[in-house]
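Participant: Dumping the structure here so I can ask a few things about it.
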Amino acid sequence: MNNSSIYIILIFGILFSCKDNRTSKTETKTIYDVVFRENLAGTYEKWSTADNSFNYYYTYTDRGRGPEITEEITLNDQNFIVSDSITGVNYLKDSISENFTGKGGIASWKNPMSEDKGDFNSSQLYFRHDGSPAVYEILAQLLLKSEDKKISLYPEGDVELVDNFSITISDSTPVNLLMVKGLDMNPTYLWMQENEMIASISGNLHIIREDFKEFRKELKSIQDTYEDDYLIKISKELSHQVDKTIIKNVNVFSPEGTIVYNQDVFIDGKVIKSIKPSKGKILNGTAQVIDGTGKTLLPGMFDMHTHNTKFRGLLHLAGGVTSVRDLANNKQLNQLSGQFDKNEIIGPNIVTFSGIIDGSGPFANQRNVVDNLEEGLAEIQSYKDLDYDQIKLYSSIRPEWVKPLADKAHKLGMRVSGHIPAYMTASQAINQGYNEIQHMNMLFLNFMSDTIDTRTPLRFTMVANHGVDIDLKSKEYLDFVSLLKSKDILVDPTMAIFENMFVSQKGEPSPTYNKIMNRLPLIEQRAFYSGGLPKAGVQVALYKDSYSNMLNALYDLYKRGVSIVPGTDGLPGFLYHRELELYEKAGIPAAEVIKMATINSAKITGVSDSLGSIEVGKKADLILIDGNPLENISDIRRVEWTIKGGHLYFAEELYNKMGIKHFK
């Protein structure tokens, strides 16, 4: 599961009937393929209904999820939206309905954030919350006509066209790649031919006009190069070399989970050379001095459930995360890890590589899908040959494959983790070779039935509806905990994503993100009003109670000695901070939470000899906190700077580059 998919669907778009004779269209429609994880997953269609009025249809599927949206837009003579009507379902299949009208100097709207009206001068672009990709092409057309390459959004916000690259593709067709900033934390890239969008490529989600589909991979390769150039430039701008440095009079988090006050920490390049009580004197006159008075020095933290991209590295470092496990990616992860390690692109240490394998079927993960056991065994060998450490099995794996796949991985010295395959229980998966389990819902499903199709959204809704009924004192539960302990099973609960799914309500700020929403760019803010899983009436309280019981289980597992690791499976940095807050909310002492995030995770990933604690001789992967997270766990959000691999990164500089406000 990757909640980042929910936000990706908002990022790119297309509008207008094409006036180029290459366009693939009927008399009234222009049609685009929607490709998700290299598979045709849906369609995007647009057609004119009257002068300056257009209709759109947009849908794709992702393991039983995915949007289906109808949108109607009317433009004024300057190409700004004066009417927008949206209906359908969002990525999580919750109903959506949004309306906007602007005329006579007044605009009125109803969307997930508000129902309101205000002054409107018809030269600002209304930016919908959750609709088809249409608005992005309208924006591109407006930016191309703008003298200063900027457009004001309505009711607030500004967007800028940073670059317009002229490119000739392999069949000699001229196209343009636009780089737009102001909507999201990462630049938005839009492919245009004259006045029409031909493609939008964002991570795993590609929208490509049908007559250009044979060039999709070529466009992606070209875009990758421009994206890399941009990130390499950022790394050069924002990486500050660490030589001899003294962090003066700082409070140091010890490997035992205590605070040692008023220490001088001396760093020489990448290594911690000494830690001594501060006496008010600088012993090395050639060293750079950083005043740490009243602040806390922590080891760099470990996010134990990530899916890395080149754009996410900045968020990890800005949030104080210097090391991560990657729990499902493509087979080019070594290349990305190398870019991070060389600081070519800013990013964390990837200390665990986990390859993913899923079985074929309508809900397959679509990365490394196998049709039979023999293919699965070959995939494990392929990952081992690439020096991967772990195998993650997904929901469409056939239950009878689990033991032979686990045996193969163990024979090669690899761990096995994952979702629980459909029609299995967690107990069965453990007894057949699992070493760890991802997501707290997979543990809760153990007490419901082995007939649940965990490939579908039932893996969420069953827990939301029945999680409150799980008795943490029952024999069934206690026997399961004994199994976890006897088999030394690691639990990767990803609690924050379930808070957003179960507790948030449509039209209200998600409690998972409400502390940081106002710091974020427009698109990120709007995504956090969607309400998670569809819920109404008695379900609102029921889902909240089920989530509370998940927190109860988290604390109970901790008390009973089950190994737990903090991970996000979502928005880097910010979601990690929330994960740690939720652990403390569940009852785990803050000092123990920080140990989980640092030294415990370093031990589990086998890197504690060099990372995870502040000790002489270890690597100087460190973060400075403005506050004391042992007294107030939320101070973990107040990262001033991060040191990783001999480079210092100021959080404020990293955030500013992504259009995010610093905590101050």
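Where a number appears in this text, it was derived from the coordinates with a stated rule and is not lab data. Just so it is clear, the model here is predicted, and its values are computed rather than measured. As a convention, Cβ positions derive from the backbone with ideal geometry for all residues, glycine included, and neighbour counts pool all protein chains shown.
Participant: Given segment 284-337, what whole percent of its Cα pairs are spread farther than 14 Å?
Facilitator: Of all Cα-Cα pairs in segment 284-337, 64 percent lie more than 14 Å apart.
Participant: Now for a separate question. Starting from the Cα of VAL289, step 7 Å along the direction of its Cβ; do the same at LYS150; then give the gap between the two resulting points in nm.
Facilitator: Result for the modelled spin labels: 4.2 nm.
Participant: Give the lysines whose C-alpha is closer than 19 Å to that of LYS535, dropping any in the same chain fewer than 8 places away, or say none.
Facilitator: By straight Cα distance, LYS535 reaches LYS93, LYS506, LYS544.
Participant: Do you know the Lys pair count in segment 175-244 for C-alpha distances under 29 Å, with sequence separation 8 or more or different chains?
Facilitator: Count of close lysine pairs: 11.
Participant: Counting only DSSP beta bridges with both residues in the chain, what percent are antiparallel, rounded to the nearest 5?
Facilitator: About 75 percent, rounded to the nearest 5.
Participant: Could you let me know the centre-to-centre spacing of segment 111-162 and segment 579-653, using Cα atoms, in angstrom?
Facilitator: Centre-to-centre distance over Cα atoms comes out at 39 Å.
Participant: By how many degrees, between 0 and 90 and to the nearest 10, does the Cα long axis of helix 373-385 differ from the longest principal axis of the chain?
Facilitator: Orientation of helix 373-385: about 70 degrees from the principal axis.
Participant: Now for a separate question. Would you mind checking the tilt of helix 134-145 against the longest principal axis of the Cα atoms of the chain, expressed as 0 to 90 degrees and rounded to 10?
Facilitator: 70
Participant: Between GLN263 and residues 5 or more places away or on another chain, which pairs have amide H atoms under 5 Å apart, with H built 1.01 Å from N, and which residues are they?
Facilitator: ASN249, VAL250, ASN251, VAL252, SER278
Participant: Any chance you could run the full-extension gain for GLN539 through GLU631? It's 0.36 nm times the residue separation minus the Cα-Cα distance, nm to one decimal.
Facilitator: Between GLN539 and GLU631, full extension yields an extra 29.6 nm.
Participant: Once the other residues with Cβ under 11 Å from the Cβ of THR101 are scored (Lys, Arg +1; Asp, Glu -1), what is the net sum?
Facilitator: For residues surrounding THR101, the net value is +2.
Participant: Under a straight-distance cross-link criterion of Cα-Cα below 20 Å, which lysines are reachable from LYS103, leaving out those fewer than 8 residues away in the same chain?
Facilitator: Answer for LYS103, where 20 Å is the Cα cut-off: LYS117, listed by chain and number.
Participant: Follow-up. In whole Hz and in residue order, list the ³J(HN,Hα) couplings for segment 485-502 that follow from phi through the Karplus curve 6.51 cos²θ - 1.76 cosθ + 1.60, θ = phi - 60°; x for Gly and Pro.
Facilitator: Taking θ as phi minus 60°, the curve returns 6, 5, 9, 6, 7, 8, 10, 10, x, 6, 5, 5, 5, 7, 4, 5, 5, 8 Hz for segment 485-502.
Participant: Apply the Karplus curve 6.51 cos²θ - 1.76 cosθ + 1.60, θ = phi - 60°, to the phi angles in segment 51-58 and return the couplings in whole Hz, x for Gly and Pro.
Facilitator: Result, rounded to whole Hz: 4, 6, 10, 9, 10, 9, 9, 9.
Participant: Take the Cβ-Cβ distance between ASP51 and SER95 as r, set R0 to 30 Å, and report the resulting FRET efficiency rounded to the nearest 0.05.
Facilitator: For ASP51 and SER95, the calculated efficiency is 0.45.
Participant: So if each residue of separation counts as 0.36 nm, and I subtract the Cα-Cα distance between LEU458 and ASN121, what length gain in nm does that give?
Facilitator: Here the answer is 116.7 nm.
Participant: Wrap a convex hull around the Cα atoms of segment 34-102, take a quarter of its surface area, and give that in square nanometres.
Facilitator: 5.3
Participant: To the nearest 10 degrees, how steeply does helix 538-559 sit against the main Cα axis of the chain, on a 0 to 90 scale?
Facilitator: Value to nearest ten degrees: 30.
Participant: Shifting gears a bit: If we count other beta carbons within 10 Å of each Cβ, what is the order of ASP224, ASP303, fewest first?
Facilitator: Neighbour counts put them in this order, fewest first: ASP224, ASP303.
Participant: Relative contact order, percent, of the chain when contacts are C-alpha pairs under 8 Å separated by at least 6 residues?
Facilitator: Rounded, it is 13 percent for the chain.
Participant: Quick check on segment 4-237: take the gyration tensor over C-alpha atoms, sort the square-rooted eigenvalues as a ≥ b ≥ c, and tell me if it's rounded (a/c under 1.5), prolate or oblate.
Facilitator: In terms of gyration-tensor shape, rounded.
Participant: If you don't mind, there's one more thing I want to ask. Based on the alpha-carbon gyration tensor of the chain, what equivalent-ellipsoid semi-axes (square roots of 5 times the eigenvalues) come out, in whole Å, largest first?
Facilitator: 40, 31, 25
Participant: While we're here: Taking only pairs that are 8 or more places apart or on different chains, how many Lys pairs in segment 265-404 have Cα atoms under 19 angstrom apart?
Facilitator: Close lysine pairs under the 19 Å cut-off: 12.
Participant: Separate question: Suppose we take every Cα in segment 298-657 and form the convex hull; what volume per residue is that in Å³?
Facilitator: 135
Participant: Can you pull the one-decimal nm distance between simple spin-label points at SER548 and LYS331, each 7 Å off the Cα toward Cβ?
Facilitator: 4.9
Participant: Moving to a separate point now. Under a crude label model (7 Å from the Cα following the beta-carbon direction), how far is GLN241 from LYS657 in nanometres?
Facilitator: 1.8
Participant: What whole number of Å gives the distance from the Cα centroid of segment 310-386 to the Cα centroid of segment 40-97?
Facilitator: What the calculation gives is 33 Å, centre to centre.
Participant: Could I ask something else about it? Determine the gain in length on full extension of the stretch VAL616-LYS473; use 0.36 nm per residue of separation and subtract their C-alpha separation, reporting nm with one decimal.
Facilitator: The span from VAL616 to LYS473 would gain 47.0 nm if fully extended.
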